[in-house]
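Just so it is clear, none of the values below were taken in a lab; they were calculated from the coordinates. This one's a predicted model, so the numbers in the text were calculated from it and none came from an experiment. All Cβ positions, glycine included, derive from the backbone under ideal geometry; neighbour counts span all protein chains shown.
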Amino acid sequence: MFVGLTTVDIQYFIDDIPIANTKIKTGNPDILVGGPATNAAVAFAYLNKTATLASPAGLNAFSSFIDQDLNRVGVDHFDLAYGQEFETILATVLTSKNGDRTIVTHNPAEVKSTILPQKLIDLVEPQILLIDGFYPEFSMECVRICKERGIPVVADCGSWKSQFADLLYDVDIAICSADFMPPKCTNREELFDFMIAKKVQSVAISNGGAEIEYLSKNKKGIVKVAEVNVMDTLGAGDFLHGAFCYYFLENEDFESAMQKAAVLASFTCSFKGTRKWLNFDHNA
């Protein structure tokens, strides 16, 4: 089960990021559903044929679009804002020809969920939980319940959010971006120490196309990232997280799961947009 953010991404493909006070014309944008937890659920569904996402979408101009897009990729969506007016989180994405992207978006408002975490978890009976740090009140309760039931909890640590200070105490696995730096942490060693103090069992730090560094049960190591012809990096980190959850459930081997997930994440970068890769076998 994936708990967190759902956005509507409007992605333009351009040659270069424009300078100030210029107007550029390009082809039609991709308009697709995104967000850290949502993209992770999409990757899990690609491997597992289905996944469960809990995120607010609510009533707005994009409601049916979000439903249709998630249905198309096999994601079973529990709308935490069901029946409520809710402002869609939009993201404008500019992707240049070398695959780099610039994103303009906004933070979501907190939501009063129409389903209690306890009831949701009883209904879904998840084998693993991933949270992306958004909607902390709801996420914290999900994390606590799963921890009590012995269900592995994975945190997508993309950027530091104050709620991680408490959330991480009940997290088993943290997958961090290179930008994730808690207060008073200035390098990777300090980040590893921070996670150890929180009793996080396994920590990985991804860094784009560079190798992934990890510490798992006192064992340090690296996972090499395959070189591909990069067309677009949007969502790659999220797809890494979703694939990791799937492979970790196979045999609960952290290093093996991370290696396999890195292969899929690299594969997604060789396509423009966040959906075209779903039509291909990444093992072919």
Looking at the stretch 175-284, which trypsin sites (Lys or Arg not before Pro) are in a loop (DSSP not H, G, I, E or B) and have at most 13 other Cβ atoms within 10 Å? Lys184, Lys199, Lys217, Lys224
What is the extension gain from Gln84 to Asp193, computed as 0.36 nm multiplied by their sequence separation minus the C-alpha to C-alpha distance, in nm to one decimal? 35.0 nm
Taking the chain as a Gaussian network, Cα atoms linked when under 10 Å apart, which of Ala109, Ala261, Ala204 shows the biggest mean-square fluctuation? Ala109
What is the spin-label model distance, in nm, from Glu110 to Asn48 if the labels are put 7 Å beyond Cα along the C-beta direction? 2.9
Could you list, by residue number, the cysteines of the chain that have no other cysteine's beta carbon within less than 4.7 Å of their beta carbon? Cys142, Cys146, Cys185, Cys245, Cys269
Roughly how big is the chain's charge dipole about its Cα centre, with Cβ charges of +1 (Lys, Arg) and -1 (Asp, Glu), in debye to the nearest 20? 300
Based only on Cα atoms, what Rg/Rh ratio does the stretch 198-257 have, Rh being taken as Kirkwood's radius? 0.98
Rounded to 5, the percent of DSSP beta bridges in the chain classed as antiparallel: 40
Of the candidates Pro29, Pro183, Pro117, which one comes out as most mobile in a Gaussian network treatment of the chain with C-alpha springs shorter than 10 Å? Pro183
For a quick size check, give me the Cα extents of the stretch 1-111 along its three principal axes, largest first, whole Å. 41, 33, 20
For a 30 Å ceiling on Cα separation, which of these pairs sit above it: Lys25/Lys260; Lys25/Lys161; Lys161/Lys260; Lys220/Lys272? Lys25/Lys260; Lys25/Lys161; Lys220/Lys272
Any idea what Rg and Dmax come out to for the chain if you just take the C-alpha atoms, in Å? 18.1, 55
